[in-house]
Amino acid sequence: MDKVKGIADKLFNKTSFLVPLVAIILGLLCGAIAMLAGGFDPILAYQSLIKKLFGSPYDMGEAIRAITPLIFTGTAVAFAFRTGLFNIGVEGQFMMGMTGATVIGITLDLPWFLHAPLAIIVGALCGGLWAALTGYLKAVRGVNEVISSIMLNWVALYLSNYIIRAFFVAKGQQKSDPIQESALVSIGWLSDAMDHARMHWGTVIALLGIGVFYIILWRTKQGYELRAVGQSPDAALYAGINVNRTIVKSMFISGLFAGLAGVFETLGVFGYQTILAAPWGYGFDGIAVALLGGNTPIGVLFGAVLFGGLSYGSAGMSFGAGVPPELVRIVIGSIIFFIASHGIVKFFLKPFLGRRADKRKEAI
């Protein structure tokens with residue numbers, strides 16, 4: 001019991017819980033002010049958002065579907081950040097994951113109990129190896145991971161497009177042939193129960209990934225080494241840790257999460273891969289999710305729920321209150337701004353925390 005309490009204290013301390021909560025409230029208030037300035041009714045807009053999210057089983061299912069890739073990409077960014085790396089290449093790793101799953105899903109003809117797991121593993125490995133390339137360049141050549149990963153995002157986009165266009169494109173279309181049914185990971189009975197919302201096993205894997213994120217970093221020797229390198233590479237080197245290998249390993253694990261996001265979008269949602277003119281954006285949104293969640297496992301989950309919920313519910317705000325999606329982005333941007341500006345949020349919290357401290361002193 002004490003152990004559970006200790007974990008909860010770590011996950012919900014003042015820094016990881018109160019600050020994002022107040023930042024969300026301030027962000028929603030800023031969004032309301034922006035809507036008022038634009039001549040829209042913020043109360044009706046927020047009511048429409050909630051109605052869109054919870055109005056029908058289909059909308060609830062689709063909201064969960066929209067949240068799922070953000071859990072993966074948020075976890076990928078947070079994992080790298082906890083080990084002292086800024087993985088801004090999650091978008092590229094996401095696309096490589098999609099491509100790996102598409103190749104296996106189309107080309108092989110296997111029973112479902114082999115085909116789907118193999119497509120998932122290959123897609124995840126594609127994302128992991130793509131991220132490990134960034135780690136290798138940093139560890140061996142000293143290339144800043146931000147610069148190399150940004151470049152690799154574009155390389156991944158055009159490489160994926162080339163592979164699909166050259167080998168798998170459907171005749172007369174800008175997308176690949178359909179992935180074989182044995183490789184799909186949809187949950188048919190759940191989709192039927194939720195009015196044919198696109199439900200898939202990726203949601204379950206994403207929730208398990210949150211647990212894996214925590215266990216690897218805080219409950220294993222490898223996790224201790226990863227965090228030690230992130231906090232002080234020189235001290236870690238002095239302690240006998242292979243810093244270069246740890247950097248590559250950290251990026252590889254981060255890329256696995258990002259690759260899984262792409263895998264399940266292909267195998268669970270669309271069933272094919274589109275030739276893209278621009279990145280999907282899930283990788284970049286993952287940075288915001290990780291920031292919202294304070295780079296903690298539970299925080300990432302809540303951040304993804306908030307971010308994905310607002311993104312999916314923006315359609316309801318548009319139809320119900322006429323609010324353009326750009327204003328929803330202002331709300332999200334405001335929340336991220338307040339979370340990034342800890343000083344401002346703590347300024348609002350200071351009177352409340354001060355009174356709590358005074359009461360504790362009086363009790364003593």
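The values are calculated or read from the model by the stated rules, or taken from the named source; none is laboratory data. Just so you know, these numbers come straight off a predicted model, no measurement behind them. Positions of Cβ are generated from backbone atoms using ideal geometry, with glycine treated the same way; all protein chains shown enter the neighbour counts. Ligands, DNA and RNA are excluded from the accessible area calculation, which covers all protein heavy atoms including side chains. Shrake-Rupley method; radii C 1.70, N 1.55, O 1.52, S 1.80 Å.
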query = Which of the residues belonging to the range 160-196 are surrounded by fewer than 20 Cβ atoms within 10 Å (Cβ to Cβ), in contact with a Lys or Arg (Cβ under 9 Å, 6 or more places away or on another chain) and of a type in the set (A, V, I, L, M)?
reply = V169
ask   = Quick check: is even one residue across the range 248-261 in contact with a Cys (Cβ under 6 Å, 6 or more places away or on another chain) and either within 28 Å of D59 (Cβ to Cβ) or small (G, A, S) (or both)?
value = yes
task = For the range 159-171, state whether one or more residues are closer than 24 Å to N244 by Cα and modelled with pLDDT of 95 or more.
result = no
task = Output the qualifying pairs, or none if there are none: Cβ atoms under 9 angstrom, residues six or more apart or on different chains, first residue in the range 325-351 and among the hydroxyl-bearing types (S, T, Y) and assigned to a helix (DSSP H, G or I), second residue surrounded by 15 or more Cβ atoms within 10 Å (Cβ to Cβ) and modelled with pLDDT of 70 or more.
result = S334/A23; S334/L26; S334/G27; S334/L28; S334/C30; S334/G31; S334/A34
request  = Six or more apart or on different chains, Cβ under 6 Å: which pairs go from a residue in the range 108-130 that's under 19 Å from D177 (Cα atoms) to one that's assigned to a loop (DSSP other than H, G, I, E, B)? Could you list them?
outcome  = A116/V185
query = Hey, among V248, V263, which residue is modelled with pLDDT of 90 or more and surrounded by fewer than 24 Cβ atoms within 10 Å (Cβ to Cβ)?
reply = V248
request  = Count, please, the residues in the range 263-275 that happen to be in a helix (DSSP H, G or I) and in contact with a Pro (Cβ under 8 Å, 6 or more places away or on another chain).
outcome  = 2
request  = Report, ordered by the first and then the second residue, all pairs with beta carbons closer than 7 Å, sequence separation of six or more or different chains, a first member in the range 276-298 that is in a helix (DSSP H, G or I), and a second member that is open to solvent by 10 Å² or more (accessible area, probe 1.4 Å) and modelled with pLDDT of 90 or more.
outcome  = I287/I88; A290/F81; P297/I210; P297/Y214
Helices (runs of 4 or more DSSP H) (entirely within the range 22-119) containing at least 2 residues that are within 30 Å of N244 (Cα to Cα) = 57-82, 90-107
task = Would you mention how many residues in the range 134-149 are without any contact (Cβ under 8 Å) to a residue 60 or more places away in the chain and open to solvent by 40 Å² or more (accessible area, probe 1.4 Å)?
result = 6
query = Can you pull out the residues in the range 50-81 that are aromatic (F, W, Y) and open to solvent by 20 Å² or more (accessible area, probe 1.4 Å)?
reply = F54, Y58, F81
query = Does V204 satisfy being β-branched (V, I, T), farther than 18 Å from M96 by Cα and open to solvent by less than 40 Å² (accessible area, probe 1.4 Å)?
reply = no
